[in-house]
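Please read the structure below before turning to the comments.
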Amino acid sequence: MDDMAFKKGTTTVGLICNEGIVLGSENRATMGNFIASKKAKKIYQIDDLVAMTTAGLVGDAQTLVRFIMVETNLYRMRRTESMTIKGIVTLMSNILNGNRFFPYYVQLLVGGVDYEGSHIYSLDAMGGLSKEDEIVSTGSGSPIAYGVLEDRYHDGMTIDEGIELAVRALHTAMKRDSASGEGIDIVTVEKVGYKEIEKDRIDAIRSSLS
């Protein structure tokens, strides 16, 4: 069995901004009270302008990531265009719902940009699908992160403001949730492309919060 299969515990966040979306996560993975990894990858690019965060069992999440990446690549090859965000999350919802007796223990955020605009959807282990209009957080540290997000989010937020708020929410959650910790990963998706934010920039924002 994959040694990552039972690593879990996390905080992830997503924000809709005026030019696109921001997704973020911290890097700790736990097995009960044991810190199994300090460099867990929880954000994946699954298409040119689509990204996904994962919370829950890492082995299950990695399996879903591999599956959906294959499906989006095949769709682009056959149709010569990318699948819409709604199409991707509907497919994932069907997969999760179809495995309800042996479920994937995951909670996912899928966000990106298509011809209809910017979108973030949340999915639960049973395939429940919700479209998020502003902010969202998943994982064990999400109640703490929500407090920061709801207090500081505003309409028309820029990508730069979204990056700073995502870091602030994750940084705060990491102080109180034992299953969240170590570093922070932030990605943005705009019409111009997918971007991973530099560690130096993230560290500078965190330093200003201390």
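The values are calculated or read from the model by the stated rules, or taken from the named source; none is laboratory data. Keep in mind the model is a prediction, meaning the values are calculated, not measured. We place every Cβ from the backbone using ideal geometry, glycine too, and count neighbours over all the protein chains shown.
Numbers at a glance
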item	result
Residues located in region 123-156, provided they are among the hydroxyl-bearing types (Ser, Thr, Tyr), farther than 17 Å from ARG168 by Cβ and without any contact (Cβ under 8 Å) to a residue 60 or more places away in the chain	SER130
Flag if SER137 is at pLDDT 95 or above, part of a strand (DSSP E or B), surrounded by fewer than 22 Cβ atoms within 10 Å (Cβ to Cβ) and in contact with a strand residue (DSSP E or B) (Cβ under 6 Å, 6 or more places away or on another chain)	no
Residue match in region 71-85 (condition: of a type outside the set (Val, Ile, Thr) and within 15 Å of the chain's Cα centre (by Cα))	no
Filter pass, SER118 being in contact with a Phe, Trp or Tyr (Cβ under 8 Å, 6 or more places away or on another chain) and under 26 Å from LEU91 (Cα atoms)	no
Cross-chain or 6+ apart pairs with Cβ under 8 Å, region 19-31 first and more than 25 Å from MET157 (Cβ to Cβ) and touching a residue at least 24 places away in the same chain (Cβ under 8 Å), then β-branched (Val, Ile, Thr) and buried (at least 24 other Cβ atoms within 10 Å of the Cβ)	ARG28/THR10; ALA29/THR10; ALA29/VAL58
